[in-house]
Structure formats: structure tokens, C-alpha cells
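What follows is calculated from the coordinates using simple rules that are stated; it is not laboratory data. Since the structure is predicted, the reported quantities are computational estimates derived from the model, not experimental observations. Methodologically, a virtual Cβ is constructed for each residue, glycine included, from the backbone with ideal geometry; neighbour enumeration extends over all protein chains shown.
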Amino acid sequence: MIPIQLIKETAEALMDKAAIEIPQDYLDGLQAAAETEDGDLSSFVLKAMLENYQAAKEDRRAMCGDTGVPRWFVKLGNEARIEGGMIALESALRRATANSTKGVPLRPNRVHPLWRTDHNNNVGIGAPEIEYGFEPEGEWVDLIAVHKGGLFGTDYRMLFPSDGIQGIKRFYLDSLMAFGKRGLACQPAIIGIGLGGSKDICMTLGKRASTLRVVGSRNSDPRIADLEDEFKELGNSIGMGAMGFVGRNMVIDCNIEVGYCHTGGMPMSVHAFCLSSRRAVARIHADGRVSYRTNPDWFTDYQRRETIDWEPVGDATE
Amino acid sequence: MSGPREVRLSTTPPREVVGNLRLGDIVYLDGLMYTAREGVYRRALVDRANIPMDLPSESAANFHCSPAARINADGSFDMGAVTATASFRFSEWLPEWMAKTGARLIVGKGGMSSKDYRDYFVPNGAIYLSTVGYGTGALLGRGVENVEAVHWSEELGLAQAMWVIRCSRMGPFIVASDLNGDCLFERENARIAENVARVYEGTKPAVLKRYGETDDRADEVI
């Protein structure tokens, strides 16, 4: 049984880490980009960003004043048990979100869409989002805090099978061009692409591809992995860099996730996880141990399974 | 490579100093700066509430910003990170705001159009400073020497309130417009556009069109 107080304390620590500490994989990616950047202004911007991450860590200050919209991904091992059940878990995550908004502090970004009511704590109807995943074995729970930038850099389109790869490329480039100008996508970013699924799942896949996979990871399907490489290079050949200035770095990495879709369609979504790629992860074990990391490791073989029943590789027969 | 020119600038700058700034200069600010976005504009310009500062003598710098900050129980303030919000949404308010307050430095994210600059920035002797990144929230936070006041937080909420901050070498910012009315972002767009046809080579437009589509990649669709 995982104590609820431990979940709340860990969630608060994660909110703090996500807002302040840039994940190492993204930092490495941005440093590599800064070394190749030859645009005068975009080069200055990347250097300023690298200084900014350092300042955030030294001062324990949020790396960006727009601290985005906090959201949670929760993954449970099949044998995990939470003290108080899932209602207690959701309550703890909402409480931690409110407490950390005051504590870090974060910007209270969440308002009612019509009445603009602001509780000043990033909690409200449907906020923060809490999404779930499961794994076949384990008594642990993974908490993943993501502070996703809110306004620009995301788009969806229903493409069709006859649009093919060239149509996918066109929509990808269109999205980068549209949101890259004046740097509204806060690039260079981790770009996530969702292909397939129904419309909502297509958006979910793309968002998770950008926020839950680390720089340098590749899809387990080798042909999709090749596309990821190709799309990264394509995005970086536009000639646009940070803030929409002339430059050669727009995409720190491109991650693609797919889901089965209607036979007549090929829905596609594009997401940019901004220069402040804020994510932090902790695994809480049944015995009370907590281990922190920055790789959500969300897309396991189980999450990408194609079969009716789960048959772990090498353990199919008993 | 020498890199861009760096300048320290008062938040109540004389006209000739503003006139000497060039597109792409890096600016660090000293003096008082206030945040104002749609909530403040509406309250001051539509509801005609009295602006609780003496403008522009106290400050000619309007920051499009909602800081990550809190008001403590004892009434003091803690400001963590500071980053701008996108400015293009405020063009309906700014002409009247500038006329009323004498703002000469509009500080925000992403700039405005060259038409905005020519129509009401240049006649008011004003230029646009863009934050860098976006955003260097922690670096800008270091440039906040003190939070002097927060006005209208009850009425507008923390994010929309009018924060008054004392800047000490606060930056970096980039000069994104000048007194000719030239626009840094449009200049960069034009340079990038020269290469774009080559990148699109071989790709094809979607089978099913959407309303309002343009095929001119020089257009801004936001």
C-alpha cells in the first residue's frame, strides 16, 4: 500500500523540479544546437537560454515566467494499491498543484474559458489534467509532472491515405512555419507528431510524443524511427531558428507516435514542447522508496501493443 | 563574430536615445517598469479607472507580462520568474494607451506588425523591445531589484494585475522596431522566405482543403 501523504509530498517536489530544472536530455540537445548555430541573433538567443537554465537552478527560480499549464500523467503497475484509492490520489495531485503554485511560485494560468475566473492556484474544472496508464507488473506508481506551454505550436488535420508521406511532410512544415514565425512556438523544441487514432487520441499521441519521450529516443518501429530522423533534419533545413530569426535549429528532436485509425483516414497532429521542456518523474514503491528521474519511459512495448491479450516477449507459453 | 551590440537603457528614455537604437540591439533596462495587458487596458480605457501611477514621468515602459509571483500574508511580494506574453493581441488597445500614458518602450513577446509601428509607435516616439528565447524568465527575474507595488490585483487577479517593478540591468531584451517603423521579425521572415520553396519541394497539399487556406508561405496565418 502506497501512503497518500508520500504521494502528495512527492508530487509537490515534482512540481518544483519540473518548473526549475531543465531535463538533461533536452539540455544536451540544446547545447549541441548552440554549437552548430551560425545565425547571429539566434545564436545569441540560444546562449541566453543556456544561461537562463543555469540561473534558474542556482536561484531555485522557475526557468520561465509563463510556467505553462501543469498536468499529470500517472502510471500504475498492475499490483499497485493506493491508500484511499484513486479518489485520494486525484485529490493529492490537485492539492499539490495548488500548493506548488504558491510555493515555487508558478503563474496561476488556469481560468474558466468564459468567465475567466482564476482561483490563483492552477486548479479548476478539468485542471490539472490527470491521465493514466498501466503496466503488466509492479506495485509502484509513476508520477509524471509536465508543465506544458499553452497557446502556440499545436495543430491537427484530418489527412487521408492518398495524402501519403508527402502530405504528412507538408502539414509538418506548415505547422513549423506557422508557429515558428516570431518564435511563437518557443523553438527550438521537441516536436511531437501523432498519426492515427481517433481525433482526440491523435492529439493525445502527439502531445505525449513531445512531452513523454526524451531527446535521442526512437520509435520501436524502425521505419517510423527513420521518419523521425528525416523529419528532424527537414525541420532544421527551413533556415529558421530561435525566435523566428535566421538560423539552422528549429527542432531539437522529432518524436512520432501512432495509433490505429479509421480505414478511410490518416489524422495527424503536431505539437511543440517549448524551450522550457518541463517534465519531472518519480517512481514511488510500495515500501516507501522514491526514485526521481527525467525520462517518463511512457511508451513501453505494452503501451504500443497490437494484440488482443498481452503476451510478453519470451514468456508467451507457460 | 562580434555579436549584437549591447546597450543599457533607462525606462524613461529621452527621444534621441530611443532614436539611436538599431534593430537587433540587445538592451538591459534600469528604472521602474509596469505590467499592463488586456485587464489593465480595459480597466483604464473602458472603465476609466484612475491609473495609480504618474505616467510617463515614473515609467515609460509597459511590459506585456504576467509574472510568476505571490502576495504574502504580510502584504509583501515574491517574484520568481518573469516572462512576456505575446503582444500582437493588444494592438486594439495600444494607440489609446500610448496617447494617454506616454509609453515609449513596449516590452513583450513576438513584436507587432510594421503597420502598428508606423501607425502609432513612430508618431509617439516609441519602440518595441522583445524578450529573448522565449523566455529567459530566471534571468529577467534576477533583474527585478524590487517589486514596488501591485495594483488592481483584487479586481483583475494576479496574472492581469498591474505590477510595478524596479529594474536593475534587467534583460536581455532585443530591439524589434525602430523609429523608422522597421520590424525586425518581418526582416527575418523575408530572409527565411527566400529558402522556403526549396524545403517544400516534393511535398503536396492536402487532398481535402480547409476554409481560409493560403498557399503563400510569406503570409502570417496567426
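Quick notes
- Approximate spin-label separation B:A218-B:E38, in nm, with each point projected 7 Å along Cα-to-Cβ: 3.2 nm
- Cα-centred dipole magnitude for region B:61-216, charges only on beta-carbon of K, R (+1) and D, E (-1), debye, nearest 20: 280 debye
- Peptide A:164-171 shows a mean partner chain C-beta count of 4 within 10 Å per residue C-beta.
- Across peptide A:51-63, the mean count of Cβ atoms from other chains lying within 10 Å of each residue's own Cβ comes to 6.
- Separation of the alpha carbons by more than 28 angstrom is noted, of A:K102/A:K232; A:K47/A:K232; A:K102/A:K199; A:K17/B:K109; A:K207/B:K109, for A:K102/A:K232; A:K102/A:K199.
- Straight-line reach from B:K115: taking Cα to Cα under 19 Å and skipping same-chain neighbours fewer than 8 places apart, the lysines in range are A:K181.
- Mean per-residue shielding of peptide A:233-242 is 4, counting Cβ atoms of other chains within 10 Å of each Cβ.
- For A:T117 and B:A190, the FRET efficiency from 1/(1 + (r/R0)^6), where r spans their Cβ atoms and R0 equals 41 Å, is about 0.45.
- The peptide list A:196-204, B:201-209, A:272-280, A:259-267, put in order of mean Cβ contacts within 10 Å with the highest first, becomes A:272-280, A:196-204, A:259-267, B:201-209.
- If you run the Gaussian network model on chain A, springs between alpha carbon atoms under 10 Å, then out of A:R81, A:R289, A:R182 the most flexible one is A:R289.
- A:A88 paired with A:Q303, simple spin-label distance in nm, labels 7 Å along Cα-to-beta-carbon: 2.7 nm
- FRET efficiency, A:S291 to A:T36 (Cβ-Cβ, R0 41 Å, nearest 0.05): 0.75
- Overall form of the protein assembly as shown per C-alpha gyration tensor (a/c, 1.5; a/b vs b/c): oblate
- 3J(HN,Hα) from dihedral phi, region B:120-127, Karplus parametrisation 6.51/-1.76/1.60, rounded to Hz, x for glycine, proline: 9, 5, 4, x, 8, x, 10, 10
- Packing-based ranking, highest mean first, of B:26-38, A:107-119 given that Cβ atoms within 10 Å are counted: B:26-38, A:107-119
- Rounded, prolate or oblate (a/c below 1.5 giving rounded, otherwise prolate when a/b exceeds b/c) for region A:166-318 by Cα gyration tensor: oblate
- Inter-label distance, A:R223 to B:A99: 6.3 nm, where each label sits 7 Å from its Cα along the C-beta direction.
- Using a 4.7 Å Cβ-Cβ cutoff, the cysteines of chain A lacking any partner cysteine are A:C64, A:C202, A:C254, A:C261.
- Only the Cβ atoms of Lys and Arg (+1) and of Asp and Glu (-1) were treated as charged; on that basis the dipole of region A:77-192 about its Cα centre amounts to roughly 880 debye.
- Net length available on complete extension from B:N72 to B:R48 is 5.7 nm, with 0.36 nm assigned per residue and the Cα-Cα distance removed.
- Choice from B:I71, B:I127, B:I51 showing the highest fluctuation, given a GNM over chain B with Cα pairs closer than 10 Å: B:I71
- Total formal charge among the other residues, if their Cβ is under 14 angstrom from that of A:A127, Lys/Arg +1 and Asp/Glu -1: +3
- Whether region A:59-175 is rounded, prolate or oblate, judged on the alpha carbon gyration tensor where a/c under 1.5 counts as rounded: oblate
- Residues in region B:169-209 reached by a label modelled at B:V17 [backbone nitrogen below 20 Å; 7 Å Cα→Cβ]: B:169-180
- A:G197 sits among other residues whose Cβ lies under 15 Å from its own Cβ, and their net charge, with Lys and Arg +1 and Asp and Glu -1, is +2.
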